[in-house]
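Input: a single structure, listed below in structure tokens.
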Amino acid sequence: MKRALFDTVGRWLLGLAVSGMLLAPAASAQNTTGTIRGQVTDASGKGVAGAEIIAKNIENGVQRSTSSRADGFYIFPGLVPATYDMTARRIGSGAQSRRVVVQIGATSIQSFTLEEKAVQLQEIVVQTAPTVETRTSEVATNITPAQIEKLPTPSRNFLDLAALTPGVTITEDRINGNSRTFSAGGQSASSVNIFIDGTSLKNDLTGGGVTGQDASRGNPFPRNAIQEYRVISQNFKAEYQKSSSAIITATTKSGGNIWTGNVLFGYQNKGLVSLDTFQRADKAGNPGFTKPDYNRSLAALSFGGPLVKDKLQFFGSYEGNYQNRSSRVNLVPPSGFPALDTVNLTQYNGNFTSPFRETLLFGKLSLAASPKSSAELSFNNRHETDVRDFGDRNALQEAVNFRQNVSVAQLKYNYFSGAMLNEAKIDYSRFRRNPSPNTPGTASREYLFDNNTNAVIGSNLSTQDFVQKRLGLRDDLTYSVFHGAGQHVFKTGVSIDFVKYDVLKDNDGTPRFEYRNMQNGATYAFETPFEMRYGTGNPQLNATNNQIGAYIQDDWSPTPRLTFNLGIRWDFESHMMNYNYVTPQNVVDTLTRYNSQLPTPLDLSRYISNGTNRKPFYGAFQPRLGFSYAL
């Protein structure tokens with residue numbers, strides 16, 4: 001397909017989504033909410049038009065209402081996951097009421113049969129809610145509030161419970177592990193994504209995957225602030241982006257009409273942890289073996305309640321993960337070399353503490369602005385430090401202080417009118433990953449021994465500082481009034497992210513001197529280095545990137561049991577690669593001069609850039625098709 005056609009279709013999709021944003025009143029996207037739909041009928045099974053259906057959140061008192069259309073069909077899209085009291089009533093008929101649990105990303109079918117008779121307005125017929133059914137083509141598992149609160153996990157990492165989803169793997173909670181990530185579908189952890197209240201935590205700069213998780217033992221978000229989440233392992237809809245594997249979409253807690261709080265503290269030390277295989281072997285061959293020191297403290301505090309009853313609620317949480325582990329340094333130099341005796345490598349041996357510190361903060365204000373609108377303002381911050389990457393043949397001086405900071409603020413305004421729902425959201429995020437030498441300023445020295453072992457002392461080699469700043473605008477419109485060849489729930493949306501990258505990658509910024517007994521026939525006897533490595537040049541990179549996404553999808557139910565999901569998504573990045581890069585002239589001259597002498601000559605048009613011959617990719621169209629049938 002030619003790029004001109006891509007441009008045309010892309011502009012059409014973008015224009016359609018923007019039109020939805022502008023024409024609709026400004027409410028909550030399916031990726032963080034749930035849906036209730038069904039039909040109101042009379043005793044003969046005929047649809048009842050004009051019946052009023054009310055759904056009231058029992059925790060905060062927020063109420064939604066809608067009316068059934070001519071065929072009795074009704075829908076509540078974009079409901080915040082919670083427990084609702086539902087009532088269906090019509091003048092001349094007995095009202096019915098039931099309690100319904102709405103889960104994130106799920107569709108609950110709730111139908112009512114109203115009997116025509118004269119009743120007093122106060123009379124209510126109470127029924128037990130039928131089993132929740134889902135009408136979605138997604139292969140997904142919901143992690144409920146009860147599971148989050150009651151299922152124990154040693155690290156209190158909310159990712160742990162994603163293992164309840166078939167096909168999803170979580171890295172184990174090991175004492176000396178360096179990452180807590182999840183993966184699915186036979187792909188790596190770089191292919192997944194997490195959405196918190198609709199905001200993507202995708203890492204654009206380092207290992208991909210979730211920001212802060214590719215090299216951290218920490219928790220991406222406080223578990224006591226997560227109300228529930230949904231793990232979509234396959235066939236996610238067009239509204240999701242930046243993932244080719246699994247997606248976790250989570251919704252956070254909100255305050256209710258009663259002030260409540262929760263406090264938790266957990267402690268674990270080395271007496272509660274058994275020795276691993278290597279430690280048992282070390283103990284058997286070392287009479288002076290001592291069990292490595294270890295302790296972990298987990299602290300959590302959360303509270304929430306009404307600032308104005310039925311109107312404005314607050315929720316806040318804190319979680320701390322504080323660990324002290326121990327790494328053993330064991331440098332064993334060969335004897336007979338006076339130069340090594342002078343260095344006295346054994347002075348660096350011993351068990352040394354490796355501290356990890358993580359603090360998670362979250363705050364949220366929820367406002368019921370009117371019977372048809374609501375707003376949320378939230379902020380979360382993650383700060384962690386981890387002194388690590390030393391031990392065995394690396395001295396404590398070689399340690400890295402692995403620092404990370406993740407901050408996200410977002411404002412959402414929701415409007416719902418009958419079967420129409422719109423969400424407008426703006427968010428700002430700042431992700432920083434900053435590993436650097438824990439004891440800088442000392443040249444690194446590596447001693448290579450003849451028995452294929454080594455010893456390393458001095459400062460770590462590299463300082464890195466990755467900063468990703470993102471300003472995101474998103475709007476999603478759901479429209480469910482259209483009825484043709486069945487029931488339709490249309491959804492369209494557009495997102496625009498303005499991203500800035502600031503990178504410092506000072507690899508080998510610390511000089512490393514390498515020593516050995518002999519090298520290429522020359523005798524050094526560990527007295528003078530045979531090689532020195534040192535990185536020079538400008539280690540900084542600054543770039544901007546605009547990311548645009550647009551989609552449209554239809555959940556079409558030609559029969560009550562059969563549902564198709566039809567959708568298409570288009571994504572575009574203005575500066576995914578350095579399109580303005582100009583190949584230096586000396587490189588061009590060298591390639592041109594020697595290209596004909598290569599065993600396989602190069603196509604130089606692919607390797608030489610003049611700053612204008614590389615263009616952005618316009619063809620990132622992703623059709624989505626799925627179906628489900630309720631047995």
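The values are calculated or read from the model by the stated rules, or taken from the named source; none is laboratory data. Everything quoted here is computed from the prediction, not taken from an experiment. As a convention, Cβ positions derive from the backbone with ideal geometry for all residues, glycine included, and neighbour counts pool all protein chains shown. Just the protein is used for accessible areas: all its heavy atoms, side chains included, with ligands, DNA and RNA removed. Shrake-Rupley method; radii C 1.70, N 1.55, O 1.52, S 1.80 Å.
Just checking, which of 143, 104 is under 28 Å from residue 625 (Cβ atoms), modelled with pLDDT of 85 or more and touching a Lys or Arg at 6+ places or on another chain (Cβ under 6 Å)? It would help to see each step written out before you state the result.
Working: 143 fails: touching a Lys or Arg at 6+ places or on another chain (Cβ under 6 Å).
Matching residue, one of 143, 104: 104.
Residue 328: among the basic types (Lys, Arg), surrounded by 19 or more Cβ atoms within 10 Å (Cβ to Cβ) and part of a strand (DSSP E or B), yes or no? First the steps, then the outcome.
Details: among the basic types (Lys, Arg): yes; surrounded by 19 or more Cβ atoms within 10 Å (Cβ to Cβ): no; part of a strand (DSSP E or B): yes.
In short, no.
With the condition kept exactly as written, say whether any residue in the stretch 568-583 is in contact with a Gly (Cβ under 6 Å, 6 or more places away or on another chain), within 30 Å of residue 476 (Cα to Cα) and modelled with pLDDT of 90 or more.
Going residue by residue through the stretch 568-583, those that are in contact with a Gly (Cβ under 6 Å, 6 or more places away or on another chain) are 570-571, 580, 582.
Right, trim to within 30 Å of residue 476 (Cα to Cα) and you get 570-571.
Next cut, modelled with pLDDT of 90 or more only: 570-571.
Yes, the stretch 568-583 contains a residue that is in contact with a Gly (Cβ under 6 Å, 6 or more places away or on another chain), within 30 Å of residue 476 (Cα to Cα) and modelled with pLDDT of 90 or more.
Taking residue 428 as the residue in question, decide whether it is within 26 Å of residue 624 (Cβ to Cβ), open to solvent by 30 Å² or more (accessible area, probe 1.4 Å) and among the hydroxyl-bearing types (Ser, Thr, Tyr). Please lay out each step first, then the result.
Numbers: within 26 Å of residue 624 (Cβ to Cβ): no; open to solvent by 30 Å² or more (accessible area, probe 1.4 Å): yes; among the hydroxyl-bearing types (Ser, Thr, Tyr): yes.
Criteria not met by residue 428.
Would you confirm, using the coordinates I've provided, whether residue 291 is touching a helix residue (DSSP H, G or I) at 6+ places or on another chain (Cβ under 7 Å) and open to solvent by 30 Å² or more (accessible area, probe 1.4 Å)? Before you say what the answer is, go through the steps one by one.
Numbers: touching a helix residue (DSSP H, G or I) at 6+ places or on another chain (Cβ under 7 Å): yes; open to solvent by 30 Å² or more (accessible area, probe 1.4 Å): yes.
When the stated conditions are applied, residue 291 passes them.
On the given criteria, is residue 352 open to solvent by less than 20 Å² (accessible area, probe 1.4 Å) and either assigned to a strand (DSSP E or B) or of a type in the set (D, E, K, R) (or both)?
Numbers: open to solvent by less than 20 Å² (accessible area, probe 1.4 Å): no; either assigned to a strand (DSSP E or B) or of a type in the set (D, E, K, R) (or both): yes.
No.
Starting from the stretch 293-305, take each residue that is farther than 19 Å from residue 328 by Cβ and list its partners that are open to solvent by less than 20 Å² (accessible area, probe 1.4 Å) and of a type in the set (Asp, Glu), counting only C-beta distances under 6 angstrom and pairs at least six apart or across chains.
Listed by first residue and then by second, the contacts come to 300/319.
Does the stretch 110-117 contain any residue that is at pLDDT below 85, part of a strand (DSSP E or B) and not small (Gly, Ala, Ser)?
yes
Return the residue satisfying two criteria in turn: it lies in the stretch 601-618 and is modelled with pLDDT under 90 and of a type in the set (Ser, Thr, Tyr), and of such residues it is least open to solvent (accessible area, probe 1.4 Å).
In this case the residue turns out to be 609.
Restricting attention to the stretch 370-393, and to residues there that are open to solvent by 40 Å² or more (accessible area, probe 1.4 Å) and modelled with pLDDT under 95, which single residue is nearest to the chain's Cα centre (by Cα)?
389
Looking at this structure, is residue 312 surrounded by fewer than 16 Cβ atoms within 10 Å (Cβ to Cβ) and closer than 30 Å to residue 63 by Cβ?
Details: surrounded by fewer than 16 Cβ atoms within 10 Å (Cβ to Cβ): no; closer than 30 Å to residue 63 by Cβ: yes.
The answer is no for residue 312.
Which of the residues belonging to the stretch 449-473 are hydrophobic (A, V, I, L, M, F, W, C), more than 38 Å from the chain's Cα centre (by Cα) and either surrounded by fewer than 18 Cβ atoms within 10 Å (Cβ to Cβ) or in a loop (DSSP other than H, G, I, E, B) (or both)? Walk me through it before giving the result.
Restricting attention to the stretch 449-473, the residues satisfying the condition of being hydrophobic (A, V, I, L, M, F, W, C) are 449, 455-457, 461, 466-467, 471, 473.
Then keep just the ones that are more than 38 Å from the chain's Cα centre (by Cα); that gives 449, 455.
Matches in the stretch 449-473: 449 only.
Looking at (1) more than 10 Å from the chain's Cα centre (by Cα); (2) aliphatic (A, V, I, L, M); (3) surrounded by 21 or more Cβ atoms within 10 Å (Cβ to Cβ), which is the one condition that is false for residue 170?
Checking residue 170 against (1) more than 10 Å from the chain's Cα centre (by Cα); (2) aliphatic (A, V, I, L, M); (3) surrounded by 21 or more Cβ atoms within 10 Å (Cβ to Cβ), the one that fails is (3).
Considering only residues of the stretch 519-539 that are out of contact with any Asp or Glu (no Cβ under 8 Å at 6 or more places or on another chain) and open to solvent by 100 Å² or more (accessible area, probe 1.4 Å), which is modelled with the highest pLDDT?
Here the residue is 527.
In this structure, is residue 499 surrounded by fewer than 21 Cβ atoms within 10 Å (Cβ to Cβ), of a type in the set (A, V, I, L, M, F, W, C) and either in contact with a Lys or Arg (Cβ under 9 Å, 6 or more places away or on another chain) or farther than 30 Å from residue 240 by Cβ (or both)? Before you say what the answer is, go through the steps one by one.
Values: surrounded by fewer than 21 Cβ atoms within 10 Å (Cβ to Cβ): yes; of a type in the set (A, V, I, L, M, F, W, C): yes; either in contact with a Lys or Arg (Cβ under 9 Å, 6 or more places away or on another chain) or farther than 30 Å from residue 240 by Cβ (or both): yes.
Yes, satisfied.
Just checking, which of 331, 307, 345 is of a type outside the set (Ser, Thr, Tyr) and in contact with a Lys or Arg (Cβ under 8 Å, 6 or more places away or on another chain)? Show your work before the answer.
Numbers: 307 fails: in contact with a Lys or Arg (Cβ under 8 Å, 6 or more places away or on another chain); 345 fails: in contact with a Lys or Arg (Cβ under 8 Å, 6 or more places away or on another chain).
Of 331, 307, 345, the one residue that is of a type outside the set (Ser, Thr, Tyr) and in contact with a Lys or Arg (Cβ under 8 Å, 6 or more places away or on another chain) is 331.
Looking at residue 557, is it at pLDDT below 90, among the hydroxyl-bearing types (Ser, Thr, Tyr) and closer than 20 Å to residue 492 by Cβ? Walk me through how you get there before you give the answer.
Details: at pLDDT below 90: yes; among the hydroxyl-bearing types (Ser, Thr, Tyr): yes; closer than 20 Å to residue 492 by Cβ: yes.
When the stated conditions are applied, residue 557 passes them.
Counting only residues that are open to solvent by 10 Å² or more (accessible area, probe 1.4 Å) and of a type in the set (Ser, Thr, Tyr), which one in the stretch 224-244 is nearest to residue 379 (Cα to Cα)?
243
Tell me which residues, restricted to the stretch 234-261, are assigned to a strand (DSSP E or B) and either farther than 24 Å from residue 163 by Cβ or modelled with pLDDT under 85 (or both).
Narrowing the stretch 234-261 to residues assigned to a strand (DSSP E or B): 234, 247-252, 260-261.
Scanning the stretch 234-261 gives 234, 260, 261.
Being open to solvent by 50 Å² or more (accessible area, probe 1.4 Å) and not hydrophobic (A, V, I, L, M, F, W, C) is the filter here, so list the residues in the stretch 254-267 that pass it.
Taking the stretch 254-267 and keeping what is open to solvent by 50 Å² or more (accessible area, probe 1.4 Å), we get 258-265, 267.
Across the stretch 254-267, the qualifying residues are 260, 261, 262, 267.
Is at least one residue of the stretch 193-200 in a loop (DSSP other than H, G, I, E, B) and within 20 Å of residue 252 (Cα to Cα)?
Within the stretch 193-200, one or more residues are in a loop (DSSP other than H, G, I, E, B) and within 20 Å of residue 252 (Cα to Cα).
Kindly establish whether residue 9 is over 16 Å from residue 417 (Cβ atoms), of a type in the set (A, V, I, L, M, F, W, C) and modelled with pLDDT of 80 or more. Full working, then the answer.
Numbers: over 16 Å from residue 417 (Cβ atoms): yes; of a type in the set (A, V, I, L, M, F, W, C): yes; modelled with pLDDT of 80 or more: no.
No, not satisfied.
Step by step: first the residues of the stretch 42-72, then only those that are of a type in the set (Gly, Ala, Ser) and farther than 30 Å from residue 375 by Cβ, then the one that is surrounded by the fewest Cβ atoms within 10 Å (Cβ to Cβ). Which residue is that?
Once the filter is applied, the top-ranked residue is 44.
Which one of 239, 228 is of a type outside the set (Phe, Trp, Tyr) and closer than 16 Å to residue 145 by Cα?
Numbers: 239 fails: closer than 16 Å to residue 145 by Cα.
After ruling out the rest, the residue left standing is 228.
Scanning for something over 20 Å from residue 465 (Cβ atoms), aliphatic (A, V, I, L, M) and in contact with a Ser or Thr (Cβ under 8 Å, 6 or more places away or on another chain), does the stretch 229-238 turn up at least one residue? Walk me through how you get there before you give the answer.
As a first pass, look at the stretch 229-238 and keep what is over 20 Å from residue 465 (Cβ atoms): 229-238.
Those left that are additionally aliphatic (A, V, I, L, M): 231-232, 238.
Narrowing further to those that are in contact with a Ser or Thr (Cβ under 8 Å, 6 or more places away or on another chain): 231-232.
Checking the stretch 229-238: at least one residue is over 20 Å from residue 465 (Cβ atoms), aliphatic (A, V, I, L, M) and in contact with a Ser or Thr (Cβ under 8 Å, 6 or more places away or on another chain).
Could you look through the stretch 69-96, keep only residues that are β-branched (Val, Ile, Thr) and not in a strand (DSSP E or B), and pick out the one that is modelled with the highest pLDDT? So that I can check it myself, show each step before the final result.
Let us first name the residues in the stretch 69-96 that are β-branched (Val, Ile, Thr), namely 75, 80, 83, 87, 91.
The next check asks that each one be not in a strand (DSSP E or B); those that pass are 80, 91.
Values: 80: 86, 91: 79.
Top of the filtered list is 80.
Can you say whether residue 322 is closer than 19 Å to residue 265 by Cα and either touching a strand residue (DSSP E or B) at 6+ places or on another chain (Cβ under 6 Å) or open to solvent by 10 Å² or more (accessible area, probe 1.4 Å) (or both), as far as the supplied structure shows?
Values: closer than 19 Å to residue 265 by Cα: yes; either touching a strand residue (DSSP E or B) at 6+ places or on another chain (Cβ under 6 Å) or open to solvent by 10 Å² or more (accessible area, probe 1.4 Å) (or both): yes.
Against the criterion (closer than 19 Å to residue 265 by Cα and either touching a strand residue (DSSP E or B) at 6+ places or on another chain (Cβ under 6 Å) or open to solvent by 10 Å² or more (accessible area, probe 1.4 Å) (or both)), residue 322 qualifies.
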